[in-house]
Amino acid sequence: MKTVMKFSLVSLLVAGTYLGLVSGTVQPLDGDPVKELLSSKEKSTYPTLHKTLEVNGLEIFYREAGNPSAPTLVLLHGYPTSSHMFRNLIRDLSSDYHLIAPDYPGYGRSEQPPMAEFDYTFDNFADIVDGLLEQLNIDRYSLYVMDYGAPVGYRIFAEHPERVSSFIVQNGNAYEQGLADFWDALRANWANNTRETQKALEGFHQLGGLKWQYLHGVQDSTKVSPDNWHVDLQHLSRPENNEIQLAMFYDYRTNVPLYPGWQKLFREYQPPMLVVWGQNDYIFPPVGAHPYKKDLKNLEFHLLDTGHFALEEKGDEIADFILNFLKKNDIR
């Protein structure tokens, strides 16, 4: 009589691990190998969800992952991209944290209302993100701020400083010395908002300008997916979007007078802060990263050998820094 033997997945894994140990092809695991394997499996059970919610009359797109009962990280994207820039980081952190990454109006997959019906300003972007969080009943969170995400996140911090558990700052400015040579053309536009000064800025959100922002200062361009600038360009090519980007360039001038107030809040509330900064960034060079040190006592500081979109080349390192930083500060 032929005997049919049934093996469970765990049995096969244990047998494979045992044979590997005997043969010397597998290194011993610390602790129980089955427990380690099952634990690894559990860590991959949170997919990224792609959702929309109406906020202040607009359909706002956001990515969400992780256990909603875990501490929340709100990921605020920069110009000229969207929550797409966080796609890998969300995957890397979702087994430990609850992630929310919205697209601002006119960016990514969020609604793009006509300019005649909506003022494209950093004040309004902050109101939208704040409204999204309130609708989701999220009243305690860490903020990851990058580029435009910094003035959006710091406005939210100014409105609700008690809600912010910590900051992760990646090439996001809050000090006037951080507005170096790149900003000369924008300052000219702030001083005299004419078609001539606007035209000098349009190249940044065209194909060549997008590629430059992703590739300038990186060490290995093959690690940066060309999907990035084509995904961005798809949204930036919508009718009237060029004018929206120019409006946001002009409105950036409103951030500068707010810097001293944000710095005062840093000193008063002392939120733990992790700085992970692409040191070769021409847009926000590290001269804008160092001043955080004088206002924050609990500051972890890392300059990374990459460019503006540091997550593209140094995403694994940044994810590790974040996990260690949040654990160290008991945000878990």
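The values are calculated or read from the model by the stated rules, or taken from the named source; none is laboratory data. The structure displayed is predicted, hence computed values, not measured ones. Cβ sites come from the backbone with ideal geometry, for glycine too, and all protein chains shown count toward neighbours. Ligands, DNA and RNA are excluded from the accessible area calculation, which covers all protein heavy atoms including side chains. Shrake-Rupley method; radii C 1.70, N 1.55, O 1.52, S 1.80 Å.
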Fill in the blank from the handout: Given (1) buried (at least 22 other Cβ atoms within 10 Å of the Cβ); (2) in contact with a helix residue (DSSP H, G or I) (Cβ under 6 Å, 6 or more places away or on another chain), Ile100 misses just (2)
Practice task
State whether one or more residues within the range 266-275 are among the β-branched types (Val, Ile, Thr) and part of a helix (DSSP H, G or I).
Solution key: no
Handout entry: When residues of the range 184-225 are limited to those that are among the β-branched types (Val, Ile, Thr) and under 20 Å from the mean Cα position of the chain (by Cα), the one nearest to Glu240 (Cα to Cα)
Key = Val224
Practice task
State which residue pairs qualify: first residue open to solvent by 20 Å² or more (accessible area, probe 1.4 Å) and inside the range 318-332, second residue of a type in the set (Val, Ile, Thr) in any location, beta carbons under 8 Å apart, and separation of 6 or more residues or different chains.
Solution key: Phe321/Val276
Exercise for the section: Of the conditions (1) assigned to a helix (DSSP H, G or I); (2) farther than 20 Å from Leu93 by Cβ; (3) open to solvent by less than 10 Å² (accessible area, probe 1.4 Å); (4) not hydrophobic (A, V, I, L, M, F, W, C), His235 clears all except one; give me its number. Expected result: (3)
Problem - Counted residues, the range 207-230 - those being in contact (Cβ under 8 Å) with a residue 24 or more places away in the chain and in a helix (DSSP H, G or I) - result: 7
Fill in the blank from the handout: For Asn124, the lone unmet condition from (1) open to solvent by less than 50 Å² (accessible area, probe 1.4 Å); (2) in contact with a helix residue (DSSP H, G or I) (Cβ under 6 Å, 6 or more places away or on another chain); (3) assigned to a helix (DSSP H, G or I) is (2)
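For (1) of a type in the set (Lys, Arg); (2) at positive phi; (3) at pLDDT below 95; (4) assigned to a loop (DSSP other than H, G, I, E, B), each residue gets a yes or a no:
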residue	(1), (2), (3), (4)
Lys51	yes, no, no, no
Glu54	no, no, no, no
Ile60	no, no, no, no
Glu64	no, no, no, no
Tyr79	no, no, no, yes
Gly108	no, yes, no, yes
Ile138	no, no, no, yes
Handout entry: In the range 274-289, the residues that are within 26 Å of Lys327 (Cα to Cα) and open to solvent by less than 10 Å² (accessible area, probe 1.4 Å)
Key = Leu274, Val275, Val276, Trp277, Gly278, Ala289
Practice task
For the range 181-198, state whether one or more residues are assigned to a helix (DSSP H, G or I), among the β-branched types (Val, Ile, Thr) and open to solvent by less than 30 Å² (accessible area, probe 1.4 Å).
Solution key: yes
Problem - Filter pass, Gly261 being outside any loop (DSSP other than H, G, I, E, B), touching a residue at least 40 places away in the same chain (Cβ under 8 Å), loosely packed, with under 14 Cβ neighbours inside 10 Å and not basic (Lys, Arg) - result: yes
Fill in the blank from the handout: Within the range 81-105, the count of residues that are closer than 28 Å to Ile244 by Cα and either of a type outside the set (Gly, Ala, Ser) or not in a loop (DSSP other than H, G, I, E, B) (or both) comes to 16
Problem - Whichever residue in the range 153-180 is open to solvent by less than 10 Å² (accessible area, probe 1.4 Å) and in contact with an Asp or Glu (Cβ under 7 Å, 6 or more places away or on another chain) and, among such residues, is farthest from Lys294 (Cα to Cα) - result: Ile156
